[in-house]
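**Q** Can you keep this structure in mind? I'll have questions shortly.
FYI, it's all coordinate maths here, none of it is from the lab. Remember, predicted model here, so these are calculated numbers, not experimental data. Cβ: placed from backbone, ideal geometry, glycine included. Neighbour counts: every protein chain shown.
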Amino acid sequence: MRSQVVIIGGGPSGLLLGQLLHRKGIDAVVLERKTRDYVLGRIRAGILETGFVNLMREAGVSDRLDKECFIHDGTLIADGEDMFHINFKELIGDSVVLYGQTEVTRDLYDAREAAGAETYFNVEDVVINDADSDAPFVTFTVGGETKRIDCDYVAGCDGFHGVSRQTIPLSVRKEYEKVYPFGWLGILSETPPVNEELIYSNSERGFALCSMRNANLSRYYIQCSLSDHAEDWTDAAFWEELKRRIPQEAADALVTGPSIEKSIAPLRSFVTEPMRWGRLFLCGDAAHIVPPTGAKGLNTAASDIHYLYNALVQVYEEKDAEGIDRYSEKALARIWKAERFSWWMTTLLHRFPEMNAFDLRMQQADIAFLRENRDAQKVMATNYVGLPY
Ligand code: RFL
Ligand code: PHB
């Protein structure tokens, strides 16, 4: 079998790239380790930057997004009982969009199926061969059968635990990592959101976030210990703890109900360099992870896809390899800034076990400066809505 591009991983990165390439007549096979339902069952991102939305439009898959998304012109930050608004629209003239990753992925799978593009699910033993040569090929097994696809390029969109990053020799690869000493316990509940915009809350009991998916679907998170297990948290205990971590006026307005999903995510900052090895290109979580404070994970994946998609079009249509040669450098320049922002927001809003009284005062001063200083708010707004590609 032959395909111009092989995409490893059928998450949002791989699917978005596949759809963009399809519109340009560049064929790309997607290999996904799980089933479509499994991928759609993962509750993840909620906030999309304008750049992401524009890519969905360019890929021709924004009809439902444009109809059903919620535009958020700002966000609330709470420090104990003290809550203030960061008005992105007024500060920098841009907004973010609320539309769940599940819906993005569903729209992309639907478009892929409608286009008749080839996707293999339940693949195993994916191996990327000869990525540093002019004739790479990918082997895998599916339904007990071994297959081989020869290609021009391989896009490694297989997330943090995939094989693509591991294919780059350790002598070439450099990894940077910070693991945070806590996780996020998240629940989804069929209740109206407590507020029409997100509330990021720093409280003496730890961080909490009030988010949503639509008018009757709420998403809430609380900072938890890494030794916690989601199943040990009853819904009642979760709601009780959330109420204690958000300002009283929000706690009074909170509508509680049974959870329909409950899970714990560890927090990590991670970057691998370079993001290209020969004809293999890493995209999204395969190359970098951010802690979710700041909502940058899926959005950084989208900027990688923007650079890689344009590089592939440039090489196929204009026979110009400039985009490919500069992919890693361009993607990483933006990634590191998103890493800094996510690390800063995480540090600003969480209680770290090792924090002493001085550290606490530094955090309070940082939040006070943000509350009082319009320039500081502009810096936050600029990063939150997303840096230019
Ligand atoms: P994914 O989504 O992990 O998809 C990778 C796919 O590759 C498959 N795979 C393989 N396939 C074939 N062969 C192999 N050997 C394979 N190994 C793995 C996997 O099954 C999977 O389907 O990576 P991708 O596409 O790069 O997308 C990244 C995003 O999913 C991620 O960055 C975001 O979800 C992060 N994130 C958020 N990002 C935002 O931009 N805004 C947010 O509000 C936001 N909130 C979040 C988040 C992530 C969270 N968790 C659980 C980590 C909230 C949470 C709680
Ligand atoms: C979410 O809605 O899941 C969400 C929103 C904002 C974040 C992280 C997660 O910073």
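**Q** Counting only DSSP beta bridges with both residues in the chain, what percent are antiparallel, rounded to the nearest 5? Working shown, then result.
**A** Numbers: 56 of 75 bridges.
Of all bridge pairs located within the chain, approximately 75 percent are antiparallel.
**Q** Can I ask one more? Which whole-angstrom value gives the distance between the alpha carbon centres of segment 350-376 and segment 303-335?
**A** So the two Cα centres are separated by 39 Å.
**Q** Quote the Stokes-Einstein diffusion coefficient, in whole µm² s⁻¹, for segment 253-389, based on the Kirkwood radius over alpha carbon pairs, a temperature of 4 °C and a viscosity of 1.567 mPa s.
**A** Working: Rh = 17.4 Å.
It comes out at roughly 74 µm²/s.
**Q** At 7 Å along Cα-to-Cβ for each site, give me the label-to-label distance between A135 and N122 in nm.
**A** Those two pseudo-labels are separated by 3.3 nm.
**Q** Dipole of the chain (Lys/Arg Cβ +1, Asp/Glu Cβ -1, origin at the Cα centre): which of M275, L48, H350 lies farthest to the positive side?
**A** Selected residue: M275.
**Q** I'd like the FRET efficiency for D252 and Y176, computed as 1/(1 + (r/R0)^6) with the beta carbon distance as r and R0 of 56 Å, rounded to 0.05.
**A** 0.85
**Q** Next up: How high is the relative contact order of segment 238-384, in percent, with contacts defined as C-alpha pairs under 8 Å that are six or more residues apart?
**A** Working: 122 pairs, mean separation 27.4, N = 147.
Across segment 238-384, relative contact order equals 19 percent.
**Q** Let me ask another. Need one word for segment 30-94: rounded, prolate or oblate. Basis is the Cα gyration tensor (sqrt eigenvalues a ≥ b ≥ c); a/c below 1.5 gives rounded, then a/b vs b/c decides. Mind dumping the intermediate values first?
**A** On the way: a/c = 3.21, a/b = 1.62, b/c = 1.98.
Note, shape of segment 30-94 comes out oblate.
**Q** Rounded, prolate or oblate: which fits segment 47-190, taking a ≥ b ≥ c as square roots of the Cα gyration tensor eigenvalues, rounded meaning a/c under 1.5, else prolate when a/b beats b/c?
**A** On the way: a/c = 2.29, a/b = 1.63, b/c = 1.40.
The shape class here is prolate.
**Q** Need the list of lysines near K67 for cross-linking: C-alpha distance under 21 angstrom, and skip anything on the same chain fewer than eight residues off.
**A** Once the sequence-local lysines are set aside, what remains near K67 is K89.
**Q** Straight-line reach from K24: which lysines have Cα under 19 Å away, leaving out those fewer than 8 places along the same chain?
**A** Output for K24: K319.
**Q** Now, a different point. Grab the beta carbon distance between N214 and R361, set R0 = 45 Å, and tell me the FRET efficiency rounded to 0.05.
**A** Details: r = 40 Å, r/R0 = 0.88.
Rounded to the nearest 0.05, the efficiency is 0.70.
**Q** What is the distance, in nm, between label points placed 7 Å from the Cα along the Cα-to-Cβ direction at K243 and at D320?
**A** 6.2 nm
**Q** What nm value, rounded to one decimal, do you get for the distance between A368 and H229 when each label is placed 7 Å out toward the C-beta?
**A** 4.4 nm
**Q** State, to one decimal in nm², a quarter of the convex hull surface area for the C-alpha atoms of the chain, i.e. the direction-averaged projected area. The partial results should precede the final answer.
**A** Values: hull surface 77.9 nm².
Directional mean of the projected Cα hull area for the chain stands at 19.5 nm².
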